[in-house]
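A quick write-up on the structure given underneath.
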Amino acid sequence: MRGVFVDANESLAVIFERLHQPGDPEVRIHRNPDITSDQYPGILDGAEIAIVDHTALPTDIAKKCSGLKHVVFLGTGARSYMNPEELAELGIQVHLIKGYGDTAVAECAVALMWEGARGLAKMDRGIRAGNWLRDDGMQLTGKTLGLIGFGGIAAEVARIAIGSGMRVVAWNRSPKKHPKVEFVDLDELLTESDVISIHLLLNDETRGLISRACIEAMKPGVILINTARGAIVDEEAMIEALKSGQIRHAGLDVFNIEPLPADHPLTKLPNVTLSAHSAFRTPEASENLMRAAWEHCRRIVKK
């Protein structure tokens, strides 16, 4: 059984090579992170396992990949790039990697929260342009942080926020308990939170969950953080709320369209901090990710 890492950037390729062990299955590394979907059949060349970082795999393309039986997706958000149910009907199983970057993503979410509270990026841009901007910030100690979705990343955010003196409330679709975190219904979270951070997988149930009505119900002047998936939030309603001040600031690592176009409305707003879907990108998280990818490959060939 053969595998191909179809869209490896150089840093991931180096780690993946280093973690290879004697007796591991044959996995070829295709060192080009910028492939297009139609290149899948040629790159795989009949291999049974595809390791995929970020390249979309439409079902009609998967049909042309003779021999493909397993997709090891490097993360949890495979639905943004492929349809696992349709692939399953073709006999292709999609494997996810959870937890590898919980701390990395949590730290980015907290960094975006603090930036939104203090406006550091805005002041930096102003000073570089010759303007001495001095706005009042928000002091977060004693404020309420609301976590929408509560898995490993949210638990790490809670740990950091509680250590910073914040009250933490959370809503999750299934019942959860966690030390020093108060679980409430979504309506209560929206109206009580000074900061809201989203930590949900994207699926049919969560797409558009943070609707216009949810945004209107939020506490005026709320800070909104999204390191999950852009499509969870009604983007048009969020932009309107940023313009009106209903949302004081948004810290966004994810978008409906990626890369974000240079002329996108979000790039024109001063009260938005944008990062390039990079919350998970730390050496520690990459090491965890590549180790988990190898474990999937080893388990697959032993079946």
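The values are calculated or read from the model by the stated rules, or taken from the named source; none is laboratory data. Predicted model, so just to flag it, every value in this text is computed and none were measured. Cβ: placed from backbone, ideal geometry, glycine included. Neighbour counts: every protein chain shown. To get the accessible areas, we keep the full protein, side chains included, count just its heavy atoms, and leave off ligands, DNA and RNA. Shrake-Rupley method; radii C 1.70, N 1.55, O 1.52, S 1.80 Å.
When the surface is traced with a 1.4 Å probe over the full set of protein chains, Asp38 keeps roughly 110 Å² accessible. Rolling a 1.4 Å probe across all protein chains gives Cys108 an accessible area of roughly 30 Å².
Would you mind classifying the stretch 127-236 by shape? Square roots of the alpha carbon gyration tensor eigenvalues, ordered a ≥ b ≥ c; an a/c under 1.5 is rounded, otherwise it is prolate if a/b is larger than b/c and oblate if not. It is oblate, given that a/c is not under 1.5 and a/b is not larger than b/c.
Residue order by solvent-accessible surface for Thr282, Thr206 is Thr282, Thr206, largest first, with ligands and nucleic acids left out and a 1.4 Å probe.
Using a cut-off of 32 Å between Cα atoms, the listed pairs Lys63/Lys98; Lys98/Lys268; Lys63/Lys176 include Lys98/Lys268; Lys63/Lys176 as exceeding that distance.
The accessible-area ordering, largest first, of the residues Arg125, Arg18, Arg298 stands as Arg18, Arg125, Arg298, per a 1.4 angstrom probe. With protein chains left intact and a 1.4 Å probe, residues in the chain average 48 Å² of accessible area per residue. Accessible-area rank, largest first, for Leu96, Leu147: Leu96, Leu147, with all protein chains present and a 1.4 angstrom probe. A 1.4 Å probe, protein heavy atoms only, puts the accessible area of Glu258 near 80 Å². Relative contact order of the stretch 207-303: 25 percent, from C-alpha pairs under 8 Å at least 6 residues apart in sequence. Nonpolar atom fraction for the stretch 101-274, defined as the carbon and sulfur part of the 1.4 Å probe accessible area, stands at 52 percent.
In this Cβ point-charge picture (+1 for Lys and Arg, -1 for Asp and Glu), the stretch 143-276 has a dipole of about 460 debye about its Cα centre. Taking every C-alpha pair closer than 8 Å and separated by at least 6 residues, the mean separation divided by the residue count of the stretch 129-238 gives a relative contact order of 25 percent. Where a ≥ b ≥ c are the square roots of the eigenvalues of the C-alpha gyration tensor, would you call the stretch 1-63 rounded, which needs a/c under 1.5, or, failing that, prolate if a/b is larger than b/c, or oblate? Note, shape of the stretch 1-63 comes out oblate. Would you kindly calculate the translational diffusion coefficient of the stretch 42-111, applying Stokes-Einstein with the Kirkwood radius from alpha carbon pairs, for 4 °C and a viscosity of 1.567 mPa s, and quote it in µm² s⁻¹ without decimals? Reported coefficient: 100 µm²/s.
Listed by number, the DSSP H helices of the chain that run 20 Å or longer by alpha-carbon position along their axis and have mean Kyte hydropathy of at least -1.0 are 102-118, 283-302. Per the Cα gyration tensor, the chain maps to an equivalent ellipsoid with semi-axes of 37, 21, 19 Å, ordered largest to smallest. Loop-located chymotrypsin sites (Phe, Trp or Tyr not before Pro) in the stretch 89-182 (DSSP state not H, G, I, E or B) with no more than 16 neighbouring Cβ atoms inside 10 Å: Trp132. When the chain is treated as a Gaussian network with alpha carbon springs shorter than 10 Å, the biggest mean-square fluctuation among Ala231, Ala170, Ala213 belongs to Ala213. For the chain, relative contact order (Cα pairs under 8 Å, six or more residues apart, normalised by length) works out to 17 percent.
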